[in-house]
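> A single structure is presented below for examination.
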Amino acid sequence: MRVLILGAGGVACAMAALLHQAGHQPMLWSPSGRGTADLLQQDLLVRGALEARFRVQVASDLAGALREAQAVVLALPANGHRRVMDLALPHLEAGHTIIVSAQLSLGAAYLHQALVRRGVEATVIGWGTTVVMGRRTGPAEVQIGGIRPAVPMAVLPEARSAQGLALCRSLFGTRFQLAAGLLDIALGNLNPPVHLANALCNLTRIERGEVWANYDGLSPAVARLIEALDLERIAVARAFGCAARTVQDHFRMTFDLPHGLSLAEMAAQVHQRRKGPPGPTSLTTRFITEDVPFGIVEIIALANHAAVAVPLHEAGLRMINALCGQTFEQMNDLLSEGLITALVAART
């Protein structure tokens, strides 16, 4: 199947490698063109959880690439989702299926509502996380840190859930499970609170560009903050009637760890196994610029809608705003009260 990947970063390139291995035809498109410039002349070299070298097709014309694609995957940082969705919208048709990997701030609902307003009956799929953990290590190289064994997903419109699930499994394997809805996907995302806690507690390391290992930085004190944030997230999920696994369950499932370990002990085991990935070395890390405005802000907005107190999330947002000299809630160009209201109404 010909699959257009909108993005050319580590996750996008890793997804292209996974698709290539499965016999599909991936095609990368970069909004700026910089991410694919070297791939026009060189093979993509893949190392880590998957080893490969192949020539990946590169698209320069978005409209033309969308006409050729049988499926589309949006694989960009969340701060680029709205812009790329808006660029793609005029060229999307009823036969398209668009996967948002991974969706934050109800971005899949934003795209679906925009398509409905245009009268286009396309299918939109929101993933709760990425299939692969990938990092660009060179102009034409990607390191795959892992391939996730389980990925929750939701389909809009819900009536196409079975077809959407079958498509995802045919492209990327049988690791997908249907969630009850997009709110479950949104409130099941563990990255924002985990990354917020790790960034706050290791901020001087990040700001000074020190070399450190991400999971090694998740000390017992950091783990306690994550667990406290997790209790708030779960309370919001329950207020909407959503099932949300705990951060401990998430670590056990993601890294195949035994029961009975504390979160800090699990992080230590992951660090010993993987000796990485490296922790962020700049305040422009996605732990801050993506997970705060599009993850933490989303949890706070959902909590406010459900009248659930999330003081640690709110304090974390204020602290990171002060530390970075930013107002991250103003950077979210996807989330709206209308999206939340529509999803809640559809759920009931």
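> Determine the calculated [θ] at 222 nm for the chain from helices alone, applying -39500 (n - 2.57) to every DSSP H run no shorter than 4 residues and normalising by the residue count; nearest 500 deg cm²/dmol.
-13000 deg cm²/dmol
> Report Rg (one decimal) and Dmax (nearest whole number) for the range 56-123, counting Cα atoms only, units Å.
Rg then Dmax for the range 56-123, in Å: 11.4, 34.
> Another question, if that's okay. Got a number for carbon plus sulfur as a percent of the range 162-224's accessible area, 1.4 Å probe?
Of the solvent-accessible surface of the range 162-224, carbon and sulfur hold 49 percent.
> Using a cut-off of 14 Å between beta-carbons, work out the net charge of the residues near VAL46 (Lys and Arg +1, Asp and Glu -1, VAL46 not included).
Every neighbour counted, the sum reads +2.
> Per-residue HN-Hα couplings for the range 55-60, Karplus 6.51 cos²θ - 1.76 cosθ + 1.60 at θ = phi - 60°, whole Hz, x for Gly and Pro?
Whole-Hz 3J(HN,Hα) from phi for the range 55-60: 8, 8, 6, 10, 9, 10.
> What ranking, highest mean first, results for peptides 290-302, 233-245, 274-286, 93-105 when packing means the other Cβ atoms within 10 Å averaged over each residue?
Top to bottom by mean Cβ count within 10 Å: 290-302, 93-105, 233-245, 274-286.
> Accessible area per residue of the chain at 1.4 Å probe, in Å²? Don't skip to the answer; put the middle values down first.
Numbers: 14420 Å² over 348 residues.
On a per-residue basis, 41 Å².
> Determine the shape class of the range 151-199: with a ≥ b ≥ c the square roots of the Cα gyration tensor eigenvalues, call it rounded for a/c under 1.5, and otherwise prolate if a/b is greater than b/c, oblate otherwise.
On the way: a/c = 4.02, a/b = 1.86, b/c = 2.17.
The shape class here is oblate.
> Using the alpha-carbon centroid of each, what span in Å lies between the range 112-183 and the range 191-224?
After rounding, the separation between the Cα centres reads 28 Å.
> Oh, and also: Anything in the chain that counts as a DSSP H helix reaching 18 Å or more along its axis (C-alpha) with Kyte-Doolittle mean of at least -1.0? List them, would you?
For the chain, where a helix must reach 18 Å along its axis and average at least -1.0, the hits are 220-239, 311-324.
The values are calculated or read from the model by the stated rules, or taken from the named source; none is laboratory data. None of these values were measured; they are calculated from a predicted model. When we count neighbours, we look across all protein chains shown, and the Cβ atoms used for this are built from the backbone with ideal geometry, even at glycine. SASA here: full protein model, heavy atoms, side chains in, ligands and nucleic acids out. Shrake-Rupley method; radii C 1.70, N 1.55, O 1.52, S 1.80 Å.
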